[in-house]
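A short write-up of the structure that comes next.
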Ligand SMILES: CC(C)(COP(=O)(O)OP(=O)(O)OC[C@H]1O[C@@H](n2cnc3c(N)ncnc32)[C@H](O)[C@@H]1OP(=O)(O)O)[C@@H](O)C(=O)NCCC(=O)NCCS
């Protein structure tokens, strides 16, 4: 479980299905994602909530209420693809930036992620702004399938190295040597990260 100033991030459970359905069945939400069907049924919701072994997905909770989701899956041997969404009523308060900052921190601290990727459809500038605020850089374009729209949609792709993420989050690492960190360096990095993410906690 992770905590931020306003949110708690915890694993999804099957008990989230109805709340997820209420949020993700909104066309404005589903159409901006690649994998949320529209219309969305309770059966779809239950399937969507099942997390694969190569994923780290978090339910975003505000005052005990599900408001969205954020996380990543292993996209390439050395990179994870970050995704996020909020229920329509929760947009415009900086909550996605807050949540995904915590998710990137989790990737740095707990899964030692080497690089982060993400993407958004070209008609979704708010998502691009979230990624820019997090330090992601555009890397190209692609056509990505949207289950809700039932077609491939033009998208902008982004990337961010581990070092860039650490720098963006205010962590300086001596040198930018590509060599793997020694146990000593690793401990120092972990210490800095643990300090930076004072509120970032793992439940077990
Ligand atoms: C994208 C989404 C997660 C953003 O959530 P949010 O909590 O409103 O995001 P934040 O408030 O942290 O940041 C949004 C930024 O985009 C900006 N923004 C909002 N609408 C915009 C628009 N039409 N054009 C340009 N920028 C826009 C905001 O001003 C803000 O930037 P700022 O802090 O510099 O002012 C939310 O709109 C959403 O869930 N959309 C549907 C699902 C989705 O798109 N998921 C992402 C798939 S890649």
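Each reported figure results from applying straightforward, stated rules to the coordinates on display, with no laboratory input. Please read these numbers as outputs of a predicted model, since none were measured by experiment. Note: ideal-geometry Cβ built from the backbone for every residue, glycine included; neighbour counts use all protein chains shown.
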Stretchable slack from residue 47 to residue 141, in nm (0.36 nm times residue separation minus alpha-carbon distance): 30.9 nm
Inter-label distance for residue 3 and residue 28, nm, one decimal - labels placed 7 Å from Cα along Cα-to-Cβ: 3.1
Relative compactness, the stretch 2-196, computed as alpha-carbon Rg over 2.2 N^0.38 Å: 1.03
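May I ask you to derive the relative contact order of the stretch 1-130, considering only C-alpha pairs under 8 Å and at least 6 residues apart, and to give it as an integer percent?
It comes to 24 percent, rounded to a whole number.
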Cα centroid of the stretch 24-81 to Cα centroid of the stretch 97-164, whole Å: 14
Fraction of beta bridges assigned by DSSP in the stretch 67-141 that are antiparallel (%, nearest 5): 75
Quotient of C-alpha Rg and 2.2 N^0.38 Å, computed over the stretch 1-41: 1.35
Peptides ranked, highest mean first, by Cβ atoms within 10 Å: ranges 83-90, 1-8: 83-90, 1-8
Proxy reagent accessibility, fewest Cβ within 10 Å first, across 144, 36: 144, 36
